[in-house]
Amino acid sequence: MIWNRSGVWYGYRGTLSVNRPAHIGLNAGFTLLELLLALSLSALLLSVLAYASSTISTQWNRQNDLLQDDVEQALYLLRLERALQGMFPYTYRPEGDTRPSLLIAGSEDALIWVSTLSPGEMGRLNVWRLRNSTEGILLDRAPLAGGFSEETMNWGSMEKVPGFAAIRIRYAAFSDADKSLKWFEEWPSQNEAKTATELPRAVQISFFRQKRVIQEQHAELDLMALVKAVRPRGSEL
């Protein structure tokens with residue numbers, strides 16, 4: 001009821017009520033199903049991101065390893081080419097032989113030669129040795145002092161050629177008859193005596209990925225080096 005200050009009655013006051021929506025309590029937070037769905041989506045997204053990151057990292061490491069192998073391979077081939085170009089006509093007397101001979105022995109699978117290239121030791125001759133083996137392609141060298149004996153040489157640490165498994169070596173001699181180069185599978189060649197009287201005019205090394213080299217098989221890489229000095233100066237062999 002409503003009364004004024006004078007005591008006059010105006011009637012009954014209307015009842016005021018606030019109607020709250022019946023569903024307001026249901027939307028006050030996330031349901032358990034919504035939370036589980038959100039967690040599942042987050043876990044799936046994290047898994048995808050982790051897989052993508054791992055794949056990119058693996059590809060990056062693989063490309064980096066390939067690039068590093070290519071750099072090492074290029075440096076090795078460059079040094080080998082320079083060592084062949086610096087082939088030196090060094091003469092010595094083999095045991096049991098009175099005639100001097102050039103220090104070189106070459107076949108399809110191996111080559112021993114003297115070179116003016118001497119890393120870290122300027123102006124010194126070195127004996128280089130390149131060959132096939134069960135471990136791959138091996139290269140080592142030894143300082144040349146006095147005579148030569150492969151068994152007693154102070155060979156340094158062996159290096160393995162990266163990226164290849166076998167080599168095939170050929171040697172070129174100049175033919176006076178037709179004024180051209182002829183290739184041989186060993187040196188001294190069949191046209192010479194058992195002891196070498198001159199160095200080959202060129203050496204070609206074919207590199208293969210497989211250990212078993214077939215004659216008709218195409219090489220992955222061919223390296224050819226021209227020899228500057230083929231005969232010793234002021235010496236008769």
(request) Check region 203-216 and report whether any residue there is assigned to a loop (DSSP other than H, G, I, E, B), surrounded by 17 or more Cβ atoms within 10 Å (Cβ to Cβ) and at pLDDT 90 or above. (result) no
(message) Of everything in region 125-134, what is closer than 25 Å to residue 197 by Cβ and either among the basic types (Lys, Arg) or surrounded by fewer than 20 Cβ atoms within 10 Å (Cβ to Cβ) (or both)? Give them in sequence order.
(response) 125, 129, 131
(request) State which residue is modelled with the highest pLDDT when the search covers only region 13-67 and only residues that are charged (D, E, K, R) and surrounded by 10 or more Cβ atoms within 10 Å (Cβ to Cβ). (result) 34
(message) Give me the residue from region 95-116 that is buried (at least 21 other Cβ atoms within 10 Å of the Cβ) and either within 17 Å of residue 137 (Cβ to Cβ) or of a type in the set (Lys, Arg) (or both) and, out of that set, nearest to the chain's Cα centre (by Cα).
(response) 111
(request) Hey, can you tell me all the residues within region 80-94 that are surrounded by 15 or more Cβ atoms within 10 Å (Cβ to Cβ) and outside any strand (DSSP E or B)? (result) 80, 81, 83, 84, 85, 86, 88, 89, 90, 94
(request) Looking for whichever is more than 16 Å from residue 164 (Cα to Cα) and touching a residue at least 60 places away in the same chain (Cβ under 8 Å) here; the options are 99, 124, 129. Which one fits? (result) 99
(request) Kindly provide the set of residues from region 150-170 that are touching a residue at least 40 places away in the same chain (Cβ under 8 Å) and either under 20 Å from residue 227 (Cα atoms) or out of contact with any helix residue (DSSP H, G or I) (no Cβ under 9 Å at 6 or more places or on another chain) (or both), ordered by number. (result) 165, 166, 167, 168, 169, 170
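The values are calculated or read from the model by the stated rules, or taken from the named source; none is laboratory data. Bear in mind the structure is a predicted one, so any value in this text is a computation, not a measurement. Backbone-built Cβ (ideal geometry, glycine too); neighbour counts: all protein chains shown.
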